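Novice: Got a structure for you, questions after.
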Amino acid sequence: QVTCVEVVEAYVERIKEVNPLINAVVKDRFEEALQEARQVDKLLSEGPGHDCLEEKFPLLGVPITVKEAFSLYGMPNTSGLVNRRNVIATSDATVVSRLKQAGAIPLGVTNCSELCMWYESSNRVYGRTNNPYDLQRIVGGSSGGEGGALAAACSVIGVGSDIGGSIRMPAFFNGVFGHKPTTGVVPNDGQFPNARGVRTSFLCTGPMCRYAEDLEPVLRVMAGPGISKLKLNEKVSLEKIKFHCMDHDGGSIFVSPVDKEILQAQKKVVEHLESDLGVQVQRVAIHKMKYSFQIWSAMMSSKDSEGQEAQRFTDLLGDHGKPVWPLWELMKWLMGMSSHTLPAIALGLTEKLVNLNLSGKAKLVSMGKSLQEEMEALLGPDGVLLYPSHPTIAPKHHSPICMPFNFAYTAIFNVLGLPVTQCPLGLGSEGLPLGIQLVAAAYNDHLTLAVAQYLEKAFGGWVLPGKV
């Protein structure tokens, strides 16, 4: 009914309209995108039948955006680091290449936090990204530009990555869908910084989008041959899923209590599942979840099976130059002279503290392994856990620095290697998105994706900002 050029033009106009407010797309490739759209229209008018094209190019002509931390040919690839501001990608990251080969058209790259290690997307290269539902609030991080761009209808699909919740927090704060796949299914190649050592088991690349049904086809393209590890062709009977529910982590001293409105939304999901599907949602209290932040932190800094140390954040900040001295950077920051953000400096300072208590760290790593076994046993082949996405709705700018460990609600599932789908649940009393995490055992991504589609129908899914 419409040409690909018309579709791309509509998204380009939308970005031009809202981006001055939200600052989500930090570099565009509109001319190239329109040229690619013309080629798609030519292919459709001259090429083989639509069925043949659909099989070869499942995402033909679909406009996408890409987190700036991923290489997209001809686009900057700084990860918000000032001393990389002249770095231009000369190739595509593996997932970007696969999406392009499937026919998708990148419109540009989106903002992230400095070195992708903070949950507010703000840096000294591109500035700060604002939440489309309330410009005074954060979009989350590190895939925050993607969350904001999708929520504001600037793109159909987003490419995100997640080592502590970097897909799911932005998806939650911006009321869209995001999926952290089972570890090792989607390649992480071509992003900066990439994981090394033990962290390669925690970093996941995955899709973000406005509509739940888009998650699976995009995941198939991103995973390529790796998709065979998942059971996406299995039909899911929702009535046969064993649902579990946990309201909060048990009361960690490092993390805010969960907002009443988030708990209320989760309660409504439980009630709906029980009344509509006739299932019994089992309430669980997993004691070790109380130590989520400590477990994540210890496992992130542990050695891998070959004894290789995790890469130091201060080395990454230097980016092949001299390692950064966080204390000196803090002094410079106080005088307005540092090229780094305060969260990055703070992370550099705390990094050394983790390794001071090695026996305590070993205990936490062991606790993480035992929690993983407990979770896998609980969920089994047919279980889904409902768990809050974050203790609070989208916070105001700068406030995460006061509660820096609230990301523990998402981070724990990275070190456990479990697939998680972030599902929006409409807007709360302040007009800000609510949502929930859906967690399954490893390689059971098909269960969480199916439940997300079901909850989208029941609770309305994505809501256009400014609509209410």
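Novice: Determine the percent antiparallel among the DSSP beta bridges restricted to segment 4-459, to the nearest 5.
Specialist: So the antiparallel bridges in segment 4-459 amount to around 65 percent.
Novice: Which residues does a label at residue 134 reach in segment 417-442, if reach means a backbone N under 11 Å from a point 7 Å past the Cα toward the Cβ?
Specialist: 428-433
Novice: Under 8 Å for C-alpha pairs, at least 6 residues apart: give me the relative contact order for the chain, rounded to a whole percent.
Specialist: Taking the mean separation of contacting Cα pairs over the length of the chain, I get 18 percent.
Novice: Which length gain, in nm to one decimal place, applies between residue 6 and residue 201 when the Cα-Cα distance is subtracted from 0.36 nm times their residue separation?
Specialist: Value of the extension gain: 66.1 nm.
Novice: When you have a sec, figure out the Kirkwood radius of segment 4-63 from all distinct Cα pair distances and drop it here in Å to one decimal?
Specialist: Result for segment 4-63 stands at 12.7 Å.
Novice: Over what distance in Å are the Cα centres of segment 248-303 and segment 360-425 separated?
Specialist: Between the Cα centres of segment 248-303 and segment 360-425 lies a distance of 8 Å.
Novice: List, largest first, the extents of the alpha carbons of the chain along their principal axes, each in whole Å.
Specialist: 67, 60, 47
Novice: Suppose the chain between residue 276 and residue 213 were pulled fully straight at 0.36 nm per residue; how much longer would it get relative to their current alpha carbon spacing?
Specialist: The residue 276-residue 213 span can extend by a further 20.6 nm.
Novice: Right, another one. Among residues other than residue 166 whose Cβ falls under 12 Å from its Cβ, what is the net charge (Lys/Arg +1, Asp/Glu -1)?
Specialist: Surrounding charge for residue 166 is 0.
Novice: Given a Förster distance of 60 angstrom, what is the FRET efficiency for residue 327 paired with residue 50, based on the Cβ-Cβ distance and rounded to 0.05?
Specialist: Calculated transfer efficiency: 0.45.
Novice: Under Stokes-Einstein, with the Kirkwood radius over Cα pairs standing in for Rh, what whole-number D in µm²/s applies to segment 1-133 at 25 °C and 0.890 mPa s?
Specialist: It comes out at roughly 156 µm²/s.
Novice: May I pose another question? Just the number please: accessible area per residue for the chain, 1.4 Å probe, all protein chains included, in Å².
Specialist: On a per-residue basis, the chain sits at 41 Å².
Novice: Rounded to the nearest 0.05, what FRET efficiency do residue 38 and residue 16 have when you use their Cβ-Cβ distance and R0 = 22 Å?
Specialist: About 0.70, to the nearest 0.05.
Novice: Based on the mean of other Cβ atoms within 10 Å per residue, sort peptides 234-244, 447-457 so the most packed one is first.
Specialist: 447-457, 234-244
Novice: Kirkwood-based Rg over Rh for segment 139-226 (C-alpha set), two decimals?
Specialist: Here the Rg-to-Rh quotient is 0.95.
Novice: Under a plain spin-label model, where a point goes 7 Å from the Cα along Cα-to-Cβ, how far apart in nm are residue 334 and residue 362?
Specialist: Label at residue 334, label at residue 362, 3.8 nm between them.
Novice: Another question about this same structure. Where Lys and Arg each count +1 and Asp and Glu each count -1, what net charge lies around residue 254 among other residues with Cβ under 15 Å from its Cβ?
Specialist: +1
Novice: How many percent of the accessible area of segment 4-459 is carbon or sulfur, using a 1.4 Å probe?
Specialist: 54 percent
Novice: Can I ask one more? Specify whether the C-alpha gyration tensor of segment 348-457 places it in the rounded, prolate or oblate class, a ≥ b ≥ c being the square roots of the eigenvalues: rounded for a/c under 1.5, otherwise prolate if a/b is larger than b/c and oblate if not.
Specialist: Note, shape of segment 348-457 comes out oblate.
Novice: Hey, another quick one. Show that you can apply the helix-only estimate: for the chain, add -39,500 (n - 2.57) for every DSSP H stretch of four or more residues, divide by all residues, and state [θ] at 222 nm to the nearest 500.
Specialist: Calculated at 222 nm, the ellipticity per residue is -11000 deg cm²/dmol.
The values are calculated or read from the model by the stated rules, or taken from the named source; none is laboratory data. Just so we're clear, the structure is a prediction, and the values are computed from it rather than from any experiment. Neighbour counts are summed over all protein chains in view; Cβ atoms, including those assigned to glycine, are modelled from backbone coordinates with ideal geometry. What goes into the accessible areas is simple: the full protein's heavy atoms, side chains included, and nothing from ligands, DNA or RNA. Shrake-Rupley method; radii C 1.70, N 1.55, O 1.52, S 1.80 Å.
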